[in-house]
Amino acid sequence: MNERTFKNTLFNEFARIGKCLSSPKRLEILDVLTQGPKSVESISKITSMSLANVSQHLQTLHQAKLVDSQKRGNFVFYKLSDPSVLSFLNSLYDLSESQLVEVQHVKEQFLGQFSDVEGITLEELAKRMENGEVTLIDVRPVDEYEAAHIPGAISVPIEELAEQLSALPLKNKVVAYCRGPYCLMAIKALELLKAKGFEASHLDKSVHDWNNFVQEKEIR
């Protein structure tokens, strides 16, 4: 094999990943899977896609070795094939936000619809949790909480929040988090909490962001 053949072959293989991720729907599916294994039916519901379309996209992602599958009873569950896929997605998001002004514009335009949205940083959250000053709630579905969650967080799925408000302590500030900066469940939770008289804020970071924060803190 000469040098040109080597490079042609090599970059052709690299392009397989690029071609696979040229679909925004496949990117969204991967984003969903960062929260843990999901059935085809669950992915279909979250992404508002038909089962047939989801299955087709998953096959393409599987062929590119980005996801793995496992059968559980009558259902097929998919997950990210390797932690490096998550790292790649985070790098893609960071690059897109820094290079594409449209990304920031879309975020600002959409989030601007929500008034009185108060955020909290990872540093502040860690400090206030250590002092017992906040009640942290995870408003994602239970299966995502069970797959991974911030230590000390209470599972209160967004659709159950209204019913469980009485169980939350009024003396503490309530912090809600969900899947990260592109997820709105925590913001919706914040609006409900404030409407019911709670002092509340939202964390626009994911469990993975928390884990990275803790690891960096330990290194320092």
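The values are calculated or read from the model by the stated rules, or taken from the named source; none is laboratory data. What you see is a predicted model; the values in this text were computed from it and never measured. For neighbour counting, all protein chains shown are included, and Cβ atoms are generated from backbone atoms with ideal geometry for every residue, glycine included. Ligands, DNA and RNA are excluded from the accessible area calculation, which covers all protein heavy atoms including side chains. Shrake-Rupley method; radii C 1.70, N 1.55, O 1.52, S 1.80 Å.
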- [ ] Grab the DSSP H runs of the chain that are 4 residues or longer, score each as -39,500 (n - 2.57), total them, divide by all residues and round the 222 nm result to the nearest 500 deg cm²/dmol.
- [x] -16500 deg cm²/dmol
TODO: For the chain, take the alpha-carbon Rg, divide it by the Kirkwood Rh, and send me Rg/Rh.
DONE: 1.02
- [ ] Find which of Thr121, Ser87, Ala176 sits farthest along the positive direction of the dipole of the chain, computed with +1 on the beta-carbon of Lys and Arg, -1 on that of Asp and Glu, about the Cα centre.
- [x] Ser87
Open item on the list: Give me the 1.4 Å probe accessible area per residue for the chain, excluding ligands and nucleic acids, in Å².
Closed with: 59 Å²
Open item on the list: Taking 25 °C and 0.890 mPa s as the conditions, I'd like the Stokes-Einstein D for the stretch 163-220 in µm²/s, using the Kirkwood hydrodynamic radius from alpha carbon pairs.
Closed with: 195 µm²/s
Task: In degrees, nearest ten, helix 185-195 long axis to first principal axis of the chain (Cα) - done: 10 degrees
- [ ] Enter the angle in degrees (range 0 to 90, nearest 10) between the Cα long axis of helix 3-20 and the first principal axis of the Cα atoms of the chain, meaning the one along which they spread out most.
- [x] 40 degrees
Task: Cys with no candidate disulfide partner in the chain (beta-carbon separation under 4.7 Å rule) - done: Cys20
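Give the value in nm², to one decimal: projected area of the alpha carbon convex hull of the stretch 61-164, averaged over all directions.
10.4 nm²
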TODO: Take the solvent-accessible surface of the protein heavy atoms, probe 1.4 Å, and return the percent of it on the chain that carbon and sulfur atoms account for.
DONE: 52 percent
- [ ] At a Cα cut-off below 17 Å, give the aspartates and glutamates reachable from Lys171, other chains included and same-chain residues fewer than 8 away excluded.
- [x] Glu130, Glu133, Glu199
Task: Cα-based helix-to-principal-axis angle, 101-111 vs the chain, degrees rounded to 10 - done: 30 degrees
- [ ] Determine by what factor the alpha-carbon radius of gyration of the stretch 1-79 differs from 2.2 N^0.38 Å, reporting the quotient.
- [x] 1.30
- [ ] Whole Å is fine, so just give me how far the alpha carbon centre of the stretch 111-150 lies from that of the stretch 169-197.
- [x] 7 Å
